[in-house]
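A short write-up of the structure that comes next.
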Amino acid sequence: MYKIMTPGPVQVSENVRMARSLEATNPDLDPAFFDFYKEVCDKLAQIMDSSQEVFILGGEGILGLEAACASLTEVGDRVLIIDNGIFGRGFGEFVSMYGGEPIYFKSDYKNPIDVEALREFLQRDNDFKYATMVHMDTPSGVLNDVEAISNLLKEYSILSVVDTVAGMFGEAISVDKGNIDILCAGSQKALSAPPGLTMVSVSKAAFDSMLNRKTNICGFYANLLMYRGYYEKQAFPYTMPASDINGLNAAVDNVLAEKGIIDRHMRIATATRKALVDAGIKLYLESGFSNNVTALYVPEGVSDKAILNHIRDEYGIMLAGSLEEFDGMLIRIGHMGENAKKEDMEMTLEAFQKTYEDLGIELKCNIKEAFNRYY
Ligand SMILES: *Cc1c(COP(=O)(O)O)cnc(C)c1O
């Protein structure tokens, strides 16, 4: 079994694994399960700082993104796609799939969205039903100020859909301060539960927009209206994955029990990046570094696969390459959730050092020692 220092899924703690093996009830028929589900949703709302309705959907993180687009989009709707990364851009495909017209506000992928530039764009064109954006775009690790963006959109009565699948729990976020209409989170990133669940916060304005549609939502699994009033009706749209939710509950309790979880992530991320830079490694981003992932350039003369396979096969550590236009160009270290621990980073950076040395790539200092100086 490799140590998975990847940007999700990440390592899962023992108490979460044990919780998943508990005896499970019939979630459609047992009133206690409705109370339990609601309790977990309430705890998630507390972490999201959301006074809106929160639901857990039975499907991996992508389900939340698709559900938001499926539930809001009607044929011909203009939707603003705020794009400074691969997941940011990808929202446009969901919008098209459901008949909407994606309009892109595209900016440089090495930096966060410039909120003032977006303001100027909106002064010229603001006829959008909703806008999509990503909190932390994992293929590059860029972090966006989604609360400021969402509040700006509110000035133009544009609903906001925010993907924080890989941001939340390692980065602070507040639904209420940002007036975020739909927030999508996932189980397998900084929360450190296995993949399989999506958590969404949905505002009254977003539900009103769905209820005021002229046409029905196209789809069942991705229809957020199906969840409305589940508690009063004591009915879910489909059988809930009870064991997954048991595990999620334990992971949520771990987060709630840890004061300073964001600081832990920040400390690890900062020391990691400084140490890599000292060693002469070039990072992809210019600004907007997140607490959860570091993306670095593959050095000249070797392939990403050579590095990734070597560190995995020789030292038992799994890192990740990146996607699409970054494929072959970047390597990513996921230091979020259970991965954001000093010992794990030491082990990872030591293996990283040895891998570079084994492959004949020169480094300017000992990365693990530099990490410990900065930590
Ligand atoms: C991981 C992730 C998702 C979920 O997608 P998968 O790659 O299928 O796990 C969605 N958005 C972001 C930003 C993610 O990092």
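Derivation of every value follows stated rules applied to the coordinates shown; laboratory data play no part. Just so it is clear, the structure is predicted and the values come from calculations on it, not from any experiment. Counting neighbours? That spans all protein chains shown, and the Cβs are built from the backbone with ideal geometry, glycine included.
A few comments on the model shown:
- Stretching E101 away from D35 to a fully extended chain increases their span by 19.8 nm, per 0.36 nm per residue minus the current alpha-carbon distance.
- The lysines within cross-link reach of K233, meaning a Cα-to-Cα straight distance under 16 Å and a gap of 8 or more places when in the same chain, are K38.
- Close amide-amide hydrogen proximity is noted between A190 and no other residue 5 or more places distant or on a separate chain, at a cut-off under 5 Å (H modeled in the peptide plane; Pro and chain starts excluded).
- Taking Lys and Arg as +1 and Asp and Glu as -1, the other residues whose beta-carbon sits under 9 Å from that of N292 total 0.
- Förster-model FRET efficiency, 35 Å R0, Y238 and D358, C-beta, rounded to 0.05: 0.10
- Amide H partners (placed H, <5 Å) of D77, local residues excluded: E101
- Taking the DSSP beta bridges with both ends in the chain, the antiparallel portion is around 50 percent.
- Based on Cα contacts under 8 Å between residues 6+ apart, the chain shows a relative contact order of 23 percent.
- Among the listed pairs K177/K341; K154/K274; K341/K364, those beyond 27 Å (Cα-Cα): K177/K341; K154/K274
- Here the Karplus curve 6.51 cos²θ - 1.76 cosθ + 1.60, taken at θ = phi - 60°, turns the phi angles of the stretch 278-293 into couplings of 4, 7, x, 8, 8, 8, 6, 6, 9, 7, x, 5, 9, 6, 9, 8 Hz, with x standing for Gly and Pro.
- Spatially proximal aspartates and glutamates relative to K368 (Cα-Cα < 15 Å; intrachain offsets below 8 disregarded): D278, E343, D344, E346, E350, E357
- Crossing angle, helix 31-48 versus the chain [Cα axis fit, 0-90 degrees, rounded to tens]: 60 degrees
- Partners for K43 among aspartates and glutamates (Cα-Cα distance below 20 Å; same-chain residues under 8 apart left out): D35, E53, E60, D163, E171, D176, D181, E232, D244, D253, E258, E338
- Rounded to the nearest 10 degrees, the inclination of helix 304-315 to the longest alpha-carbon principal axis of the chain is 70 degrees.
- In sequence order, the stretch 356-362 has phi-based couplings of 4, 5, 4, 8, x, 9, 7 Hz under the Karplus curve 6.51 cos²θ - 1.76 cosθ + 1.60, θ = phi - 60°, and Gly or Pro positions carry x.
- Across the stretch 196-211, rounded Karplus estimates of 3J(HN,Hα) from the backbone phi angles (6.51 cos²θ - 1.76 cosθ + 1.60, θ = phi - 60°) give x, 10, 10, 10, 10, 10, 10, 7, 4, 4, 5, 5, 4, 4, 5, 6 Hz, Gly and Pro being marked x.
- Three-way shape label, the stretch 63-160, alpha-carbon gyration tensor, a/c 1.5: oblate
- Extending 7 Å from the Cα toward the beta-carbon at both R228 and Y2 defines two label points whose distance is 4.5 nm.
- The alpha carbon gyration tensor of the stretch 193-276 gives principal lengths a ≥ b ≥ c with a/c of 1.5 or higher and a/b greater than b/c, which makes the shape prolate.
- Charged-residue dipole, Cβ positions (Lys, Arg, Asp, Glu), the chain about Cα centre, Debye nearest 20: 260 debye
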